[in-house]
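All remarks here apply to the structure that follows.
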Amino acid sequence: MDTTLPAPFITQALRDLDAWVAHFRDAEIPVLGSTADALEAMRANEDDVDANLIGEMVADDPLMTLKVLAYASTHRPPRLITDVETVTAAVVMMGISPFFGNFGRQPAIEDRLAGEPEALEGVGEVLRRAHRAAQFALSFAVHRMDHDAAVIYEATLLHDFAEMLLWCHAPTLALRIRTAQKADPTLRSHVVQQQVLNIQLFDLQQALMRAWALPELLIRITDDRHARHPSVQNVMLAVRLARHSAESWDNPAIPDDIAALSQLLNLSVPATLQFVRDIES
């Protein structure tokens, strides 16, 4: 029986980006309880499991995806000169038995935040948005016949992983940010993050991806500063659309999203709107 106590929550902002990176680089990453349970079910039937099954199981869980890719990137054999860009490829590299050996019983987000119902609700919102955005992004990439569609899906799934980690490790601070933005919808995310955390989550995310030596393609297409690249646009527009349509399709920002997306997909605006609505049907 594991008697290890979970790490205490961060209740005050760390001093700078380096301090945040140092904390999260080695922190335990909890995953969805359903993922933890599915992993144990697969472990019990290891002989019937292959890399594709594991990849499909992990595909809807951003933090487990992050965990597997980070482990694979930091434990890559010297003979392997190409990046491991997907969970399935990471499991193939490790092998099935070593994968289960490397990933024992996983801590669940639901257990981690059992005493923090508002934080559990907050991380749930981010996870649902990430999953929806990833489905949008994959459909856009397939329409565009992008050869990196699988990586685009993962990049979109991981686009807000720093916010997820914040909810799991510093729920009080994450809640303070959300409360401030709900009180003032015009408050920009990067401004309130800097005020509450002494950093911006985008910078933390990029720094962590480099600290974990994640695939260069994954880092590049999650970097909104490279917005001219079609793969980055694919990710950005999927994330924006998922965020703006989270509650309804009446959000005033959606027409601009659809107009930009129509150019990326080379479709008319009405056809683009129908395409997007069909994804959810």
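Some notes on this structure:
- The portion of the accessible surface of segment 123-184 made up by carbon and sulfur, rounded to a whole percent, is 58 (1.4 Å probe; DNA, RNA and ligands excluded).
- Since only 33, 52, 8 are under comparison, the one whose Cα sits farthest along the positive direction of the charge dipole of the chain, derived from C-beta charges on Lys, Arg, Asp and Glu, is 8.
- Cα-based radius of gyration for segment 1-78, normalised by 2.2 N^0.38 Å, reads 1.36.
- In this structure the amide hydrogen of residue 200, modeled in the peptide plane, comes within under 5 Å of no amide hydrogen from residues 5 or more places off or on another chain.
- Computed with every protein chain present, the accessible area of residue 212 is close to 20 Å² [probe 1.4 Å].
- Working note: Karplus 6.51/-1.76/1.60 with θ = phi - 60° gives segment 263-278 the couplings 5, 5, 8, 6, 10, 5, 4, x, 5, 5, 4, 5, 4, 5, 5, 5 Hz, where Gly and Pro are set to x.
- Only the Cβ atoms of Lys and Arg (+1) and of Asp and Glu (-1) were treated as charged; on that basis the dipole of segment 70-184 about its Cα centre amounts to roughly 140 debye.
- Per residue, in Å², the accessible surface of the chain once ligands and nucleic acids are set aside, probe 1.4 Å: 50 Å²
- Centre separation in Å (Cα based) which lies between segment 226-271 and segment 25-61: 31 Å
- Charging the Cβ of each Asp and Glu at -1 and of each Lys and Arg at +1, and nothing else, the dipole of the chain about its Cα centre rounds to 800 debye.
- Of the residues 76, 228, 43, 176, ranked by 1.4 Å probe accessible area with the largest first, the sequence reads 228, 176, 76, 43.
- Average projected area [Cα convex hull, segment 155-266], square nanometres: 7.8 nm²
- Heavy-atom accessible surface of segment 12-88: percent carbon and sulfur, 1.4 Å: 47 percent
- Taking amide H as placed 1.01 Å from N in the peptide plane, residue 31 has its amide H under 5 Å from the amide H of 108, 109, each at least 5 places away in sequence or on another chain.
- For the set 256, 37, 83, 61, solvent exposure ranked by accessible area (probe 1.4 Å, protein chains only) runs largest to smallest as 256, 37, 83, 61.
- Over the chain, relative contact order from alpha-carbon pairs under 8 Å, at least 6 apart, %: 23 percent
- The calculated 222 nm mean residue ellipticity attributable to helices in the chain amounts to -20000 deg cm²/dmol, summing -39500 (n - 2.57) over DSSP H runs of n ≥ 4 and dividing by all residues.
- Test item: Cα-centred dipole of segment 14-59, Lys/Arg +1 and Asp/Glu -1 on Cβ, debye: 300 debye
The values are calculated or read from the model by the stated rules, or taken from the named source; none is laboratory data. Because the structure is a prediction, the values reported are computed rather than measured. With ideal geometry, Cβ positions are generated from the backbone for all residues, glycine too; neighbour counts draw on all protein chains shown. We work out accessible area using only protein heavy atoms, side chains counted, and drop any ligands, DNA or RNA first. Shrake-Rupley method; radii C 1.70, N 1.55, O 1.52, S 1.80 Å.
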